[in-house]
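The values are calculated or read from the model by the stated rules, or taken from the named source; none is laboratory data. Small disclaimer: the values here were computed from a predicted structure and weren't measured. Backbone-built Cβ (ideal geometry, glycine too); neighbour counts: all protein chains shown.
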Amino acid sequence: MRAVPREDWARTTVGQAMRPVERLAVARPDQALTQALPGLAQDGGELMPVVDGGRLVGVLTHADVIQYLHARQGSPSDAAGQRVA
């Protein structure tokens, strides 16, 4: 919304403000978490769509990764090879 003047916010559509799908990094449910992390960090994004067979099946967030690593009660290197579930 930074690019849209405040006085135009009420008339701005989601389509005008969103990032186009072809510019999104996406993950697959069976992809290793270590492979998905660079995409999650891309452009300062806070979440990454998880797609299976062209269908959105979930989202991966920074909070999900931290919660997963915390639940493992190990260092990030212990869980780095785990797959996104």
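Observations
Quick grid of which residues meet (1) modelled with pLDDT of 75 or more; (2) surrounded by 14 or more Cβ atoms within 10 Å (Cβ to Cβ); (3) in a loop (DSSP other than H, G, I, E, B):
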position: MET48; (1), (2), (3): yes, yes, no
position: VAL51; (1), (2), (3): yes, yes, no
position: GLY58; (1), (2), (3): yes, yes, no
position: ASP64; (1), (2), (3): yes, yes, no
position: GLN67; (1), (2), (3): yes, no, no
position: HIS70; (1), (2), (3): yes, no, no
position: GLY74; (1), (2), (3): no, no, yes
position: SER77; (1), (2), (3): no, no, no
position: GLY81; (1), (2), (3): no, no, yes
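- Residue list for region 17-30, restricted to those being under 13 Å from the mean Cα position of the chain (by Cα) and assigned to a loop (DSSP other than H, G, I, E, B): ARG19, LEU24, ALA25, VAL26, ARG28, PRO29
- Selected residue (criterion: surrounded by the most Cβ atoms within 10 Å (Cβ to Cβ)) from residues of region 19-46 that are farther than 17 Å from LEU69 by Cα and β-branched (Val, Ile, Thr): VAL26
- Residue count for region 31-46, restricted to those that are in a helix (DSSP H, G or I) and either touching a Gly at 6+ places or on another chain (Cβ under 6 Å) or at pLDDT 85 or above (or both): 9
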